[in-house]
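As structure tokens, the structure follows; a few thoughts come after it.
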Amino acid sequence: MSVRTVTQEELEEQRLYAQKVQSMLHIMLEKPLAYVHSYGCQQNVSDGERIKGMLVEMGYGLTDNMDEAKVIIFNTCAVRENAVERVFGNVGALKNLKKRSPDLIVAVCGCMVQQEETAKRLQKTFPFVDIIFGTHVLHTLPYLLFSVLFQGGRILEIPESDGVIAEGLPVCRESKIKASVPIMYGCNNFCTYCVVPYVRGRERSRSPQMIIDEVKTLIADGCKDILLLGQNVNSYGKGTDVDFPELLKRLDELDGDFRIEFMTSHPKDCTERLVDVIADSRHICYHLHLPVQCGSDRILKVMNRHYTVEHYLQLVDYARKRIPYLNLTTDIIVGFPGETREDFQQTLELMKRVRFDSAFTFIFSPRHGTKAEKMEDPVSAEEKGKWFRELLDVQSKCGEDSYQKYIGQTVRVLCEGKGRTSSEYYTGKSRQNIIVDFNGCESDIGTFADVKITKALPWALIGEKIN
Ligand code: SAH
Ligand code: SF4
């Protein structure tokens, strides 16, 4: 198997199916509506925007209310067991809706159903689910919907593949101010706990020109905040002329008033050169999400992460030196198989040493098909729960005053809407990607404002607009 670029002919074929669906829907008195819910990470949300784009091309309107939808699509996540259970619960709850309106079409796609066992379990448990389709056939949604509308029956479409790149799919973005741009798909790292490489296929980078053109168009359309997406952006374009730091540099050279964010960085591939590009840039956010996962070299090795705590600390020290107002965030897994109290203690030490601005913390969840699923895991769930609470405690103490340093500073805020701390405020993000609430007005939305910080909460800043 190999990674495949979907041809223009194939996409044209899908457009023809979309037209066929559209002409069929045309005869309806009211425009039919579609409901799409994406679970999990930003990549899934980005796929969800393409699903919506294809639905709009087919003649559907979009709704946030499932009760009025003629098509319901759940775009699922598989990264932890609770994400999977939630989908089973939510799909199960559609049973009555489907009884009330038998012409409702229910589809489930995304990472969870790319695992054959789970897809079949879903199909068997819920006979009312019409379409189940995997991550590698997302672009064929027009054909799948056409088939069910015209021919009836149920579809299970989860071909095994190393992955595809489908350029030029229609996109229906959530916001005019913010947009995400996938720069690569899949993952080759096979961290032993992680299901992503199995459900998203091999790592594949989009061409730099495609990305630059897309970003240019977004800027020209007034977009101000562009999030570059990849499971490990640091391995973008590895071995070619345009690696990730070079791509960032080229994007930073574009004219306009905008910001570039990116996620996720893998510490093994994150370099001082990348840090330098951020530090010297005009547009790149001072935010590094650098998942460390654990503070024990022994466990990092079994996790197949390919870096040591020492390497991580060197990187962090360099980044903090070059970018004094860096927002440093991380992911931590507690209770990896074989992790001892001493290993966990080392994670706590690392948290105290680095003092992350914030951390996303997870209890290890065994995933089907991964190496860690089969590892000895003697620590009880109860004990892991205790460690987890301890970790939250340490992080909340370390992160509590991390924003204090902004008091008295003036930060540039991209205003996004009504305030989060109070409805009298407007809200946005600083270049560090930190939430800032301030005394703005409706016309600030979608523009940058200079805000002098007067108060720091553990999760947000509050200030006064000065321009
Ligand atoms: N590609 C990114 C994100 C992967 S998923 C990266 O490498 O960082 C996001 C986070 O979920 C991971 O960083 C990890 O902390 C967590 N995660 C992944 N698999 C998990 C599992 N089986 N159990 C618990 N947490 C997990
Ligand atoms: Fe999963 Fe590791 Fe790949 Fe991230 S880098 S997606 S954690 S396998």
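The values are calculated or read from the model by the stated rules, or taken from the named source; none is laboratory data. Here the structure is a predicted model, which means the values were calculated and not measured. Backbone-built Cβ (ideal geometry, glycine too); neighbour counts: all protein chains shown. Surface accessibility is based on the protein's heavy atoms, side chains included, excluding ligands, DNA and RNA. Shrake-Rupley method; radii C 1.70, N 1.55, O 1.52, S 1.80 Å.
Say we look at segment 187-205 and pick out the residues that are in contact (Cβ under 8 Å) with a residue 60 or more places away in the chain and outside any loop (DSSP other than H, G, I, E, B); which of these is least open to solvent (accessible area, probe 1.4 Å)? Only one residue tops the list, namely Val199. Does Ile323 satisfy the criteria of being within 16 Å of ligand 2 (Cβ to nearest atom) and touching a helix residue (DSSP H, G or I) at 6+ places or on another chain (Cβ under 7 Å)? So Ile323 does not fit the description; no.
Considering segment 350-380, the residues that are of a type in the set (S, T, N, Q) and either within 16 Å of ligand 2 (Cβ to nearest atom) or in contact (Cβ under 8 Å) with a residue 60 or more places away in the chain (or both) include one that is farthest from Pro324 (Cα to Cα), namely Thr370.
For segment 363-378, check the following and say yes or no: at least one residue is assigned by TED's automatic domain parsing to the domain that holds Cys191, among the β-branched types (Val, Ile, Thr) and more than 25 Å from the chain's Cα centre (by Cα). No: segment 363-378 contains no residue that is assigned by TED's automatic domain parsing to the domain that holds Cys191, among the β-branched types (Val, Ile, Thr) and more than 25 Å from the chain's Cα centre (by Cα). Among the residues of segment 13-38, those identified as modelled with pLDDT of 90 or more, open to solvent by 80 Å² or more (accessible area, probe 1.4 Å) and in a helix (DSSP H, G or I) are Glu13, Leu16, Gln19, Lys20.
Residues in segment 206-217 that are closer than 18 Å to Leu169 by Cβ and open to solvent by 20 Å² or more (accessible area, probe 1.4 Å): Ser207, Gln209, Met210, Asp213, Glu214, Thr217.
Taking segment 206-239 as the range and being within 11 Å of ligand 1 (Cβ to nearest atom) and either part of a loop (DSSP other than H, G, I, E, B) or over 30 Å from Ser430 (Cβ atoms) (or both) as the test, the residues that pass are Gly230, Gln231, Asn232. In summary, Ile177 fulfils each of the numbered conditions (1) within 30 Å of Phe364 (Cα to Cα); (2) of a type outside the set (S, T, N, Q); (3) touching a strand residue (DSSP E or B) at 6+ places or on another chain (Cβ under 7 Å) with the single exception of condition (1). Go through the residues of segment 412-435 one by one and say whether even a single one is in contact with a helix residue (DSSP H, G or I) (Cβ under 7 Å, 6 or more places away or on another chain) and surrounded by 13 or more Cβ atoms within 10 Å (Cβ to Cβ). Checking segment 412-435: at least one residue is in contact with a helix residue (DSSP H, G or I) (Cβ under 7 Å, 6 or more places away or on another chain) and surrounded by 13 or more Cβ atoms within 10 Å (Cβ to Cβ).
Residues checked against (1) among the β-branched types (Val, Ile, Thr); (2) free of Cβ contacts under 8 Å to residues at least 24 places away in the same chain:
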residue	(1), (2)
Ile219	yes, no
Gly239	no, yes
Leu248	no, no
Val277	yes, no
Tyr307	no, no
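Residue pairs whose Cβ atoms lie under 7 Å apart, sitting 6 or more positions apart in sequence or on different chains, and linking a residue in segment 172-186 that is touching a residue at least 24 places away in the same chain (Cβ under 8 Å) to a partner that is outside any strand (DSSP E or B) and among the aromatic types (Phe, Trp, Tyr), are Ile183/Tyr236; Met184/Tyr236.
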